[in-house]
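The values are calculated or read from the model by the stated rules, or taken from the named source; none is laboratory data. Worth saying up front: this structure is predicted, and the values here are computed from it rather than measured. We place every Cβ from the backbone using ideal geometry, glycine too, and count neighbours over all the protein chains shown.
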Amino acid sequence: MNKKKKLEPHIFMTPSYLILLVFLGYPLLNCIRLAFSNYKITQLNNVTFAGFDNFLKIFQDKEIAMISLNTFKFVIFTLALQLVLGFILAMALKRPFRGRGIYQGIVFLPWAFSGFIVGLTFQWLFNAEYGPINDILLKFGLISEKISFLGSPKYALWTVIIALAWQGIPFFGIMILAALQSVDAGLVEAAVIDGANAFQRFWHVTIPCIKPTLIVTIMLRTIWIFNNADIIYIMTNGGPANTSHTLASYMFTKAYSTLDFGYASALGVLFMVGMIIYVCAFVKVTKYNQEDA
Amino acid sequence: MKKKLLSIGLVAALLVSAFAAGCGKKNTDGDDKKTDGKVKEIRFMDVTPNPAREQAFQELIKDFNDKNPDVKVVYESTPWDQSHNKLVTLGSAGSLPDVFIMHQQWNAEFTSAEWVTPLDDYIADWKDADKIIPYVKNVLMEYDQKNVYGYTFGIPDGLTTAAMFVRTDWLEEAGLTTEDLETWEGIFEASKKLTIPEKNQYGFAFRGARMGSEQMGMYMLAELGGKLYEEDGTCRINSPEGIEAFKKYCALYKDGYAPQDAINWGYTEMVQGFTSGLSGILNQTSEVVATCEDSMEDGTWTTIPFPRASDGNIYSKADSYYMAMSNQSKNKDEAWRFIEFMLEPENNRKLSEACLFIPVMEGAENDPRFTEGGMKGFVDSMNDPTFIREPFYGYFPELGEFMETFYDAEVQKYLLGQQTAEESIKNISDYLTTAQQKYMQESPDTPIPTSVRTDGSEVK
């Protein structure tokens, strides 16, 4: 009976195991296999073992250093913007007010848009000739002549960061708001009685209470931002001169312009290794597991 | 215990219903076939859909389906930007549509992957084969396909070539006429004269991204007499003439005759730039005529033939999408019947009218839709006795990477001042030389990309 009991959860989990195996396990293993093969879609009858050739090719690519740095900037700044603005949004929506439901519905909309629409919209907003952003900056006298945001290596990456940050704010907002609403009011009251001021209440009571949510949300978002390619592809296509590519968009462009899926898979495997290291380090540093125990 | 039973029951019910659904689908499929008799389904995919084009296709398909009760053509489409990726994915999954529209640029990939069916046997019995116009027959079918790949795999369905769209009202204000724009020199001069930054008015619609470098290449190749490679496969652009032409063309952007944003301009942006009154001269293909007719005032614009190079010839391009038949098709004879139907001269004219192509079948010479108005500049370019079709960059498999990720970036680096013209040209030239020479070793029988005249003769 005991043995049966132990097995029971696994029996019921079988469908999910199967789904995971088919939709995650197989592509993952296949990606690793491709990374070590000469695999060009147009030469499928000529697939050979490549050893580490594909990985070597990555490190020999002249653009890869700049693109890695771009990726780092892209992830850090997008995440920081989303976290801070998402937090503010959640705090603003915490207390009930008239029309909160409607307001909530509207501000959470960006999350529901596809990257394609967000990309096109921001491409238009940042347009140097007709874009409203240039127009507003000019009218307020902040700039003296139009700036070509998408056409300049200095700004192109930032336009993409802003677009993606805008899209991701609601997600942080939703997650943090849910966590805030579950903070025990008794704890806050106790802190007030003990003479804690607003900042102390926030730092010593609220933050520890919502920490697990924060950690999971940050971790998830980092991975999603890192893997995001659609907005870049649409807004700048990595240009000018590759200055707004990140590893994900570069991988996508390479995969479909060279049809060299071996090379693209090697990039993908490197991604995965990088992400695993990041997640392990992140969990360790934030003491996520210990907190749980 | 009750709960356990319940959950087991639920899982069982789920499995049973899933199984039943699977079986059920099969059954209905079988029934469908029985009731419909022997109707064979042909999937047809368009890769550059727009409303007018889709309507023309839908009408022709309906016509075909009515006349051929044993075949049912089903229309599918995918936006141009995603079409290459989509077809490649379908091809590698073994589920390409029976007939699809394919672009010349994919020739090398699609033939080497064996995704297309050789059509020569079908063409031999084709009743309309002798009605194809000379350029299409000599250059697009004989020279580009048979000569290079040894067989024909695509039937062109409508010709498109480049011409210059110009703002006639701006020319007038600047004291210029369209005759001043007959040569590339004239285009450069006029771009300068038409540029008035204070009025937000720029001479040239410069395409800096998304295959923009190809437009620069058109001028550079023209100044090289249309010759891209030496006999041994060395690229000829890294030469004083090549570098001079490169600098001259890029000066359109660097000297401010195009807006700064133009470095990020692709097709959409450059066309918008012209139609919205930002740029005065636009190098584009004939489908843009419709956009201009819709959004610009009559009498403010026109099209003129593609400019002549300094040797007096018009070096340009004229290609067509192909109707290709997938090698994965199970109903090839029916698929051919559909292609044949689409190319009946009257049907081809219908499609060309809707898409603003030059028809590939004879008989359109007297149709004012193709000889007057916005189409005139294009037809005149094609009819010019000095018209020379520029060479392709190559047939090597690296072509996609070169065009989509390498070429633009190298040109952009020069436009941004990140490297010199000589460095950019050297990188581009080295890339092409390496790829071409490697390809020549692997496929010694494939000819070197060369310029061709309308009669199919090479420019040596």
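Observations on the model:
- Some residue of the range A:218-237 being at positive phi, free of Cβ contacts under 8 Å to residues at least 60 places away in the same chain and among the polar types (S, T, N, Q): yes
- When residues in the range B:408-457 are screened for being hydrophobic (A, V, I, L, M, F, W, C) and either farther than 26 Å from B:Phe206 by Cα or in contact with a Lys or Arg (Cβ under 7 Å, 6 or more places away or on another chain) (or both), 6 of them pass.
- Residue within the range A:205-220 that is closer than 30 Å to A:Lys154 by Cα, of a type in the set (A, V, I, L, M, F, W, C) and outside any helix (DSSP H, G or I) present: no
- If the condition is being touching a helix residue (DSSP H, G or I) at 6+ places or on another chain (Cβ under 8 Å) and of a type in the set (D, E, K, R), then the range A:146-167 contributes only A:Lys146.
- Selection from the range B:69-94 of residues that are surrounded by fewer than 22 Cβ atoms within 10 Å (Cβ to Cβ), away from chain A (no Cβ under 14 Å) and farther than 27 Å from B:Lys317 by Cβ: B:Pro69, B:Asp70, B:Val71, B:Lys72, B:Val74, B:Tyr75, B:Glu76
- Residues of the range B:159-200 satisfying the condition of being more than 14 Å from chain A (Cβ to nearest Cβ) and at positive phi: B:Gly175
- Meets criteria (under 18 Å from the mean Cα position of the chain (by Cα) and surrounded by fewer than 17 Cβ atoms within 10 Å (Cβ to Cβ)) for A:Met251: no
Residue-by-condition table, conditions (1) more than 30 Å from B:Glu362 (Cα to Cα); (2) modelled with pLDDT of 95 or more; (3) more than 26 Å from the chain's Cα centre (by Cα):
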site	(1), (2), (3)
B:Leu119	no, yes, no
B:Asp128	no, no, no
B:Ile133	no, no, no
B:Val148	no, no, no
B:Ala163	no, yes, no
B:Leu181	yes, yes, no
B:Ser191	yes, yes, yes
B:Pro197	yes, no, yes
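- Some residue of the range A:133-147 being touching a Lys or Arg at 6+ places or on another chain (Cβ under 8 Å) and either modelled with pLDDT under 95 or polar (S, T, N, Q) (or both): yes
- Matching helices (runs of 4 or more DSSP H) fully within the range B:220-336 where at least 3 residues are farther than 24 Å from B:Val47 by Cα and assigned by TED's automatic domain parsing to the domain that holds B:Tyr431: B:240-254, B:267-275
- Restricting the range B:136-148 to residues that are out of contact with any Lys or Arg (no Cβ under 8 Å at 6 or more places or on another chain) and crowded, with 18+ Cβ neighbours inside 10 Å leaves a set whose member that is nearest to the other protein chains (Cβ to nearest Cβ) is B:Val148.
- Unmet criterion (only one of (1) surrounded by fewer than 22 Cβ atoms within 10 Å (Cβ to Cβ); (2) free of Cβ contacts under 8 Å to residues at least 60 places away in the same chain; (3) among the acidic types (Asp, Glu)) for B:Asp311: (2)
- Summed over the range B:410-449, residues that are facing chain A (nearest Cβ under 10 Å) and within 24 Å of the chain's Cα centre (by Cα) total 3.
- Filtered residues of the range B:426-459 (kept if of a type in the set (Val, Ile, Thr), touching a strand residue (DSSP E or B) at 6+ places or on another chain (Cβ under 7 Å) and outside any helix (DSSP H, G or I)): B:Ile448, B:Thr450, B:Val452, B:Thr454, B:Val459
- Cβ separations smaller than 6 Å between residues 6+ apart or across chains give the following pairs from the range A:113-134 residues that are more than 9 Å from every other protein chain (Cβ to nearest Cβ) to residues that are of a type in the set (Lys, Arg): A:Asn134/A:Lys146.
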